[in-house]
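Report on one structure; see the data block that follows.
Just so it is clear, none of the values below were taken in a lab; they were calculated from the coordinates. Since the model is a prediction, treat every value here as computed from it, not as a measurement. Note that we place each Cβ from the backbone using ideal geometry, even for glycine, and neighbour counts take in every protein chain shown.
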Amino acid sequence: MYTLPKLSYGYDALEPYIDKATMEIHHTKHHQAYIDKLNTALEKYPDLINKPLSDLLRELTSLPIDEADKIAIRNNGGGHANHSLFWEIMSPTKSVDEKLTKEIIETFGSVDEFKEKFTQSAVTRFGSGWAWLVRNDTGKLEIYSTANQDSPYLQGHTPIIGLDVWEHAYYLKYQNRRPEYISNWWQVLKLL
Ligand code: MN
């Protein structure tokens with residue numbers, strides 16, 4: 001059974017960029033709900049519980065299971081994987097990944113150019129979804145966004161940086177101001 005991962009910082013630790021109430025509801029209600037629904041979807045398939053979630057998502061389309069269960073795993077397994085990464089890459093203190101920074105500069109020209117492209121992807125995602133920096137199947141860094149809770153693992157990519165742009169991630173503090181949320185979010189991304 002999947003369980004809610006603990007955060008390595010308090011709900012108020014990312015203030016003023018992400019407020020305490022949003023963090024607490026997002027973690028204990030939204031993320032927990034994805035986990036509960038994922039566990040329910042997997043009840044029929046005890047073998048799949050032991051598979052790493054990333055593999056489950058990578059192999060999802062070829063698994064011999066009901067289509068309705070595939071959709072539930074895509075949405076809720078994606079939700080669990082996406083949020084688990086999201087909590088992990090944020091922190092009140094920076095812990096810059098030098099190797100990643102170097103690769104970002106090589107790929108996108110500079111960290112600022114990377115941020116600009118990523119921000120564009122996050123701002124223009126229509127409705128609910130995520131912006132991503134992934135390592136694609138050829139090993140290259142790539143920026144794109146996905147709808148809903150679709151994980152990059154579904155297309156064989158490995159997510160490195162993911163930004164939640166569902167309204168539940170920012171609405172209490174930012175209301176409709178998604179660009180402001182995104183621009184402040186760089187302050188709590190520990191990797192860069
Ligand atoms: Mn979320």
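Using the alpha carbons of the chain, what is the convex hull volume per residue in cubic angstrom, as a whole number?
Cα-based convex hull of the chain, divided per residue, equals 114 Å³.
Taking θ = phi - 60°, what integer Hz values does the Karplus form 6.51 cos²θ - 1.76 cosθ + 1.60 yield along segment 108-124, in sequence order, with x for Gly and Pro?
Taking θ as phi minus 60°, the curve returns 10, x, 6, 5, 5, 5, 4, 4, 5, 5, 5, 4, 4, 5, 6, 5, 8 Hz for segment 108-124.
Could you tell me the relative contact order of segment 1-87? Use alpha-carbon pairs under 8 Å, at least six residues apart, and round to a whole percent.
On the way: 61 pairs, mean separation 29.0, N = 87.
It rounds to 33 percent for segment 1-87.
Could you grab the relative contact order for segment 19-192? Cα pairs under 8 Å, six or more apart, rounded to a whole percent.
It rounds to 27 percent for segment 19-192.
Can you give the longest stretch of the chain with no exposed loop site, where a site means GluC sites (Glu not before Pro) in a DSSP loop (not H, G, I, E or B) with at most 14 other C-beta atoms within 10 Å?
60-192
Count the net charge of all other residues whose Cβ sits under 15 Å from the Cβ of PRO64, scoring Lys and Arg as +1 and Asp and Glu as -1.
Its environment carries a net charge of -2.
Cross-link partners among lysines for LYS51, C-alpha distance below 23 Å, same-chain residues fewer than 8 apart left out?
Output for LYS51: LYS6, LYS37, LYS70.
Could you please state, rounded to a whole Å, how far the C-alpha centre of segment 1-68 is from the C-alpha centre of segment 101-166?
Each part's Cα centre sits 20 Å from the other's.
Long-range amide H contacts for GLY129: which residues qualify at under 5 Å (H placed 1.01 Å from N, peptide plane, sequence gap of 5 or more or a different chain)?
Placed amide hydrogens put ASN148, VAL165, TRP166 under 5 Å from GLY129.
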